[in-house]
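Input: a single structure, listed below in structure tokens.
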Amino acid sequence: MDKNNIWRKDFPILDQKVNDEDLVYLDNAATTQKPKEVMSKVVNFYYSDYANVHRGVHTLAERSTEQFEAAREKVRKFINANSAKEIIFTKGATNSLNLVAQSYGEENIHEGDEIVISYMEHHSNLVPWQQLALEKKATLKYIELTKDGRLDMEDAEKKITDKTKIVSITQASNVLGVINPVKQLAKMAHAHHAVMVVDGAQSIPNMPVDVNDLDCDFLAFSGHKMMAESGIGVLYGKQELLEQMPPVEFGGEMIEFVNKFDSSWNELPWKFEAGTPNIAGAISLGYAIDYLESVGLDNIQKNTQTIVDHVLPKLLAIDDLIVYGPQDPVDHTGVISFNLKGLHPHDLATGLDMEGVAVRAGHHCAQPLMTYLGLKATARASFYLYNTIDDADRLVEAIKATKEFFKNVTI
Amino acid sequence: MSLSKMDNLYRQVILDHSENPHHHGELPQSTNEIELKNPTCGDVLKLQLEVEDGIIKDAAFSGYGCTISQASASMMTDAVINKKVEDADNMVQVFSDMIIGEDVDTHVLEDAAVLQGVSKFPARIKCATLAWKALHKSLTNQSK
């Protein structure tokens with residue numbers, strides 16, 4: 001393997017053969033692999049300190065609570081939030097976005113109001129708003145894309161109006177590999193007194209995100225896409241908004257006092273964390289952030305950029321391979337979607353899997369985007385910090401071999 | 001090279017069916033009609049049947065899918081035309097058992113028996129079964 005990549009050794013799962021070939025894992029936009037160091041710390045937590053949080057007076061409960069809340073503080077620092085009260089632990093980005101829709105949306109969206117999203121949203125940042133709009137008789141509006149797959153900012157100017165109450169946009173596309181100017185969108189939203197929700201699921205693992213700088217009102221992301229466990233995620237919200245929002249789940253932990261016929265709510269952030277949370281998941285997220293910071297987000301970006309600079313021209317040079325989204329490596333994240341003309345992406349992905357190369361194939365939970373682009377599905381490779389130039393070359397070779405295999409077939 | 005393993009999946013007869021699918025299109029008149037979607041990949045399959053006196057007189061499919069799903073639909077329609085409804089539904093069971101690797105007598109499936117190779121590719125089982133699931137649902141009145 002590539003000797004220049006010093007992080008690869010931290011990921012034991014990568015050192016295996018799949019279908020008799022060395023594994024090349026290129027499905028990082030779906031989920032990332034876990035560093036040994038993070039996982040062993042989680043195991044150690046279970047072996048030495050685990051108990052329920054916020055409830056016991058005993059020593060283990062105290063240790064567990066302390067580590068759980070320390071993880072929250074790590075998240076706060078990582079995204080530069082003002083207070084740990086603004087960091088709510090959720091199941092993941094989907095859960096976070098649903099929470100905003102069901103709490104803030106439920107209170108603030110009325111008939112005739114507008115919610116603005118874009119054509120490149122993942123279903124998790126689309127269906128909650130679509131359902132809210134249906135329920136409230138509000139209007140859901142989509143910002144158009146430019147020919148090369150970027151957000152059409154002129155159209156954004158037109159779509160965001162005084163009727164707009166919520167603008168919710170992904171910071172990085174899980175299909176097209178573009179980064180969106182969410183800071184500029186937040187300004188536009190605020191000029192019309194709307195709130196700005198940012199889906200950070202694809203951006204947070206790959207680039208520095210500063211909620212104060214972006215001036216977004218909400219930010220949602222998932223732990224499993226940034227080397228933590230699955231089942232843990234974060235909703236950041238500005239404190240003054242979260243204070244006004246009603247809880248959407250009721251039960252233990254989220255209450256202040258329960259009477260027979262009414263209750264009062266715990267303070268932030270616990271008001272939104274009913275029930276025993278994903279304790280070890282939150283702790284794994286804290287350790288994953290430690291790991292990310294030890295690597296440096298700038299180094300992650302550099303590694304991805306080097307690979308994309310190398311591989312994008314090679315992919316574009318393959319006859320009959322169509323690459324979607326920007327064709328210029330300069331503005332590309334590690335996500336590259338493509339199709340081999342005449343071959344369904346599932347058949348392509350099976351071919352690549354036989355060569356040991358793991359990619360995603362399908363609609364990538366973005367069916368309105370597929371329809372908008374006139375597609376049914378695509379194959380998608382996504383690179384992360386442990387990927388190398390060798391991995392990228394293996395992808396190119398595997399695509400060529402699969403193309404050769406199906407060369408006499410037109411479907 | 002590991003791609004050679006795909007020979008068991010993409011047998012020539014499967015590629016032929018996919019390239020030139022049989023009974024592809026719409027029936028002028030149908031008694032049973034169903035549209036099934038594979039939510040993981042967005043594939044859509046519409047199946048129409050003309051059933052008369054308990055016999056499948058004609059069948060046609062349309063939609064969009066991968067090599068395996070298109071070939072399977074083509075082979076399925078070939079195999080069930082002029083079959084009794086209960087025999088066709090029994091074939092669905094044989095196909096379902098075969099595709100998960102059970103040792104069953106597959107001769108009733110005709111060409112479709114060649115899809116046995118899919119059982120070694122778990123990620124593709126759904127592609128192969130979509131057409132048969134549609135057949136079962138349309139025969140058991142779960143269609144519109």
_For segment B:75-89, 3J(HN,Hα) per residue [Karplus equation, 6.51 cos²θ - 1.76 cosθ + 1.60, θ = phi - 60°, Hz, x = Gly/Pro]_ = 5, 5, 4, 3, 6, 9, 5, 6, 9, 5, 3, 5, 5, 5, 5
_Counting only other chains, and only Cβ atoms inside 10 Å, what mean value do you get across the residues of B:42-48?_
3
*Virtual spin-label span in nm between B:LYS5 and A:GLN244, 7 Å along Cα→Cβ*: 5.7 nm
*What FRET efficiency do you get for A:HIS310 and B:HIS24 if R0 is 41 Å and r is their Cβ-Cβ distance, rounded to the nearest 0.05?*
0.45
*Measuring from label point to label point, each 7 Å out along Cα→Cβ, what is the A:GLU73 to A:LYS187 span in nm?*
3.6 nm
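Using 1/(1 + (r/R0)^6) with R0 = 25 angstrom and r between the beta carbons of A:ALA317 and A:ASN5, what's the FRET efficiency to the nearest 0.05? Please list the in-between numbers first.
Values: r = 25 Å, r/R0 = 0.98.
E between A:ALA317 and A:ASN5, to the nearest 0.05, is 0.55.
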*Using label points projected 7 Å from each Cα along Cα→Cβ, tell me how many nm separate B:GLU86 and A:VAL258, to one decimal.*
5.6 nm
_Less than 16 Å from a label point 7 Å out along the Cα-to-Cβ axis of A:VAL18: which backbone N atoms in segment A:302-342 qualify, by residue?_
A:336
*Evaluate peptide A:341-347: per residue, the Cβ atoms of other protein chains within 10 Å of its Cβ; return the mean as an integer.*
6
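Using a Förster distance of 25 Å, how high is the FRET efficiency between A:ASP210 and A:ALA30, based on the Cβ-Cβ distance and rounded to 0.05? Please list the in-between numbers first.
On the way: r = 26 Å, r/R0 = 1.03.
That gives a FRET efficiency of 0.45.
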*Report the full-extension gain for the segment B:LEU15 to B:GLU110: residue separation times 0.36 nm, less the Cα-Cα distance, to one decimal in nm.*
32.6 nm
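What value, in deg cm²/dmol to 500, does the helix sum -39500 (n - 2.57) over DSSP H runs of n ≥ 4 give at 222 nm once divided by the residues of chain A?
Values: 13 runs with 149 residues, N = 411.
So the calculated ellipticity at 222 nm is -11000 deg cm²/dmol.
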*For A:VAL357, distant residues with modelled amide H under 5 Å away*: A:VAL24
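Based on other C-beta atoms within 10 Å, arrange A:ASP27, B:ASP7, A:ASP309 from fewest to most.
Taking fewest neighbouring Cβ atoms as first place, the list is B:ASP7, A:ASP309, A:ASP27.
Roughly how crowded by other chains is peptide B:63-71, in terms of the mean Cβ count from those chains within 10 Å of each of its Cβ atoms? Mind showing how you got there, number by number?
Details: counts 1, 3, 5, 12, 8, 4, 3, 2, 1.
Per residue, the number of nearby Cβ atoms from other chains is 4 on average.
Using a 10 Å cut-off on Cβ atoms, rank the peptides A:63-72, A:107-116 from the highest mean neighbour count down. List each step's numbers first, then the result.
On the way: A:63-72: 18.9, A:107-116: 16.8.
Highest to lowest by the protection proxy: A:63-72, A:107-116.
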*Tell me, how many Å apart are the Cα centres for segment B:109-127 and for segment A:126-169?*
43 Å
*Which angle between 0 and 90 degrees, to the nearest 10, do you get for helix B:125-139 versus the longest principal axis of chain B when only C-alpha atoms count?*
10 degrees
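What area, in nm² and to one decimal, does the C-alpha convex hull of segment A:299-339 cast on average over all directions? Spell out each step's value before the answer.
On the way: hull surface 10.2 nm².
The number I arrive at for segment A:299-339 is 2.5 nm².
All of the numbers you see were taken from the coordinates with simple rules; none came from a lab. None of these values were measured; they are calculated from a predicted model. Please note: Cβ atoms are built from the backbone with ideal geometry, for glycine as well, and neighbour counts cover all protein chains shown.
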